[in-house]
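So the structure is just underneath, and the comments pick up after that.
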Amino acid sequence: MKAVRLTTLRLEQSGDIVRLRDLTLALTKVLKFGTFERTRAVTAVVELGRNAIEHGQKGRASFSVTEIKGRAALRVTVLDQGRGIPQDRLKADGAVPSPHGLGLGLRGVQRIAETFEVETGNEGTTINATFMATLAPAHGSEIVQEATDALRDLQGADPAAALSEQNRELMESLAERELLMKELHHRTGNNLALIVALIRMSKSDSTQAETRRVLAELETRVGALSKAHELMQRAANAGTVVASELLHEVAANAEQAFSAGTQKVTIAVHSERIELDGKLAVDLGLIVGELITNAYKHAFSGRTGGVIDVTLSGTPSEGLNLLVSDDGTGLDGDADYPERSNSLGWRLIRTLCFQHGGVLSVDGTDGLSVRIKFAAI
């Protein structure tokens, strides 16, 4: 009979040992283990589970039905995420001397099991042990069905344990998703950073002022995206960004992009520790980058320097307030409203504001101030 996997149990806390014992009892009963055989098998499997929790940080136990010498057998695979068993303690026959405090120890498990295999290394240890019912012949699919029914009955008899297992499966799925999201942000950020580096190289090689200006604008836009993904990758909760960190990164990136000129412009960022979700963070970074770029292009004409202030207040749940202002020349009385401009930058700002229910206002009486009130989430 080919081995058939029945179930897997997580081994993370002492309460899991009780569940492990109950599973082993139920399955050895189905396989018609004698009383003495059952006691020995349960004792051995519980010992393997305790070792995985106490010495391997955490692990899993998988149960399968198989056949040995024409007899039904229970195969148990226990793996952990510890540092492995030192090679100087691992005997040639695969057994391990019983260290202090381990009770039965792996040598005892090996004596009880019909087959016993150990694979160990820096990434953890996997132990395969098989226990055979000496009097029960193998009946293939019949035994598998009986074992499946026994596990279902056991789960129904202990709904609290079943709910706990479901909750842990959910938490593990969320942790795996978090890891994948971090990897995605890491790769995206690296690719965007490479693009920024290529833009900077092209800008430094350019001899035309207009070309350098266009490349500087592009560098600011792509740099804002790159920093947002970099911060999301480093965040404790992937997909969120601390606003103050993002705004400082966007400001520093803009200063570097336009540093080739003779003007000395200082960018001051004021923001409390506000956590933003990924979409809002990316869009906010793009908006601020565009507004800083506009200030560099228009605010300080004929001057040797100036100051740009970026202030973010509020919370996403109550509504964010963004203010980007400069101490530049401002707007003439008959000047067109810049927020109605058909330039790429202002079109981008208006589109992103609209997506977040933002209200945009501009004041050009004392320098230029752009205020955006984002809708509460």
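Over the stretch 20-64, one equal point on each Cα, no solvent: what is log10 I(q)/I(0) by the Debye formula at q = 0.19, 0.26, 0.32, 0.34 Å⁻¹? Log-scaled intensity ratios, in q order: -0.57, -0.89, -1.14, -1.22.
Residues whose amide H comes within less than 5 Å of that of G330, counting only those at least five positions distant or on another chain, are G367, L368 (H built at 1.01 Å from N in the peptide plane).
On a 22 Å Cα-Cα criterion, which of the cross-link pairs K29/K58; K2/K32; K297/K373; K32/K58 come out too long? Exceeds cut-off: K29/K58; K297/K373; K32/K58. Label-to-label distance, T148 versus R187, with points set 7 angstrom from Cα along the beta-carbon direction: 3.6 nm.
Where Lys and Arg each count +1 and Asp and Glu each count -1, what net charge lies around C353 among other residues with Cβ under 10 Å from its Cβ?
For residues surrounding C353, the net value is 0.
Per residue, the accessible area of the stretch 240-297 comes to 39 Å², computed with a 1.4 Å probe over protein heavy atoms only. Model label points for F36 and T126, set 7 angstrom from Cα along the Cα-to-Cβ axis, are 3.4 nm apart. Apply the a/c threshold of 1.5 to the C-alpha gyration tensor of the stretch 217-313 and tell me whether it is rounded, prolate or oblate. Prolate, because a/c is 1.5 or more and a/b exceeds b/c.
The values are calculated or read from the model by the stated rules, or taken from the named source; none is laboratory data. Model, not experiment: these values are computed from the prediction. Positions of Cβ are generated from backbone atoms using ideal geometry, with glycine treated the same way; all protein chains shown enter the neighbour counts. When the accessible area is computed, the model is the full protein with side chains, heavy atoms only, and any ligands, DNA or RNA have been set aside. Shrake-Rupley method; radii C 1.70, N 1.55, O 1.52, S 1.80 Å.
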